[in-house]
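The structure that follows is given in the form of structure tokens.
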Amino acid sequence: MSVAQLGSAVPGLALPMPLPWPFGRVHVAKETGPPSDAYLKFKEILLHARLDEPSAWHGQHVIELGSHPGGWTWVLLELGAERIDTVDWAAMDHPSIAAHPNASRLHHHQMDAKTFSVTIEAPDNRGHVLVSDAAIPPPLSLALLDDWLSARKGPAPRRVMWALKFAFRADTQQSGDDEQPSHRERTPLSEKERSLQAVAMAETLMASHSERYEWSLRQLYHHGNEAVLLAVRKDE
Ligand SMILES: C[S@@+](CC[C@H](N)C(=O)[O-])C[C@H]1O[C@@H](n2cnc3c(N)ncnc32)[C@H](O)[C@@H]1O
């Protein structure tokens, strides 16, 4: 997506032009509290999604996949989200999370993010906000996102911020063994080719949901070999 498109093509996600960050370099203040540096990219994502103010989070139910050790969760706790359901194989036991003044709003599910689903409605019945930083290979990650957008995992989310990670060994792309990369040889596809393949898959998936969602795929200043898919339900 070009910079010009960021300003106009996606109404629910449009940014003011010229962009508020010269050369797209978003400055995020360093903090000592968060359990991981992942808070830097999440704060940048929130600026892009225009959800960086506490007022955007009051009364919100958030589902966060791939949450350990808790950089994104810490930001959500600080912003005052009403309820946060985190999902990760690992525990959420970092002191900055466990001793946070809003820790009672956190409900951790220590399990496979691919099998997690919700039955509860968001407090205001407008649907939850879905965020994912789970390190899952693109085909599986996008299949999981499809399940959520198609309301197979619970009520369809009203907003989505979904990290698409490109840096996986080629032999883990299709097999479902995201947790246990095997030691087979890489296929001849380069990392760049696999990243482009993942972008094309994401575009195809989101085209199939474009009646209901506006969306945008962006690689941000704090991103390494990944991008973020932002989506907003059109009735939002
Ligand atoms: C990049 S880390 C997340 C960092 C986190 N966002 C933060 O701010 O600290 C990716 C996480 O995804 C989790 N993960 C990957 N695949 C998963 C799966 N299928 N189910 C549950 N957790 C998974 C890993 O355990 C890991 O904690």
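What follows is calculated from the coordinates using simple rules that are stated; it is not laboratory data. Quick caveat: nothing in here was measured; it's all calculated off a predicted structure. When we count neighbours, we look across all protein chains shown, and the Cβ atoms used for this are built from the backbone with ideal geometry, even at glycine.
For the range 155-160, take each phi angle, set θ = phi - 60°, evaluate the Karplus expression 6.51 cos²θ - 1.76 cosθ + 1.60, and give the result in whole Hz per residue in order, putting x for glycine and proline.
Using θ = phi - 60°, the values come out as x, 5, x, 8, 9, 9 Hz.
With a 10 Å radius around each residue's Cβ, average the other Cβ atoms per peptide and rank 30-40, 75-85, highest first. Walk me through the numbers before you get to the answer.
Details: 30-40: 16.5, 75-85: 20.6.
Final packing ranking: 75-85, 30-40.
Can you give me the long-range amide H partners of GLU226? Hydrogens built in the peptide plane at 1.01 Å from N, cutoff under 5 Å, separation of 5 or more residues or another chain.
It is PHE166, by chain and number.
Same structure, new question: Take the eigenvalues of the Cα gyration tensor for the range 1-110, scale each by 5, and report the square roots as semi-axes in whole Å, largest first.
28, 15, 12
Under 5 Å between amide H atoms, partner at least 5 residues away or on a different chain: which partners does HIS109 have, H built in plane at 1.01 Å?
Result for HIS109 returns THR86, VAL87, ASP88.
Which lysines does LYS43 reach when only Cα atoms under 21 Å apart count, and residues fewer than 8 places away in its own chain are ignored?
LYS30, LYS165
Could you list which residues have their amide H under 5 Å from that of TYR213, counting only those 5 or more apart in sequence or on another chain, with H placed in the peptide plane?
Close amide H contacts, sequence-distant or interchain: LYS234.
Per residue of the range 193-210, what does 6.51 cos²θ - 1.76 cosθ + 1.60 with θ = phi - 60° give for ³J(HN,Hα)? Whole Hz please, x for Gly and Pro, Karplus curve as stated.
4, 5, 5, 5, 4, 5, 4, 4, 5, 5, 5, 5, 4, 6, 4, 6, 10, 6
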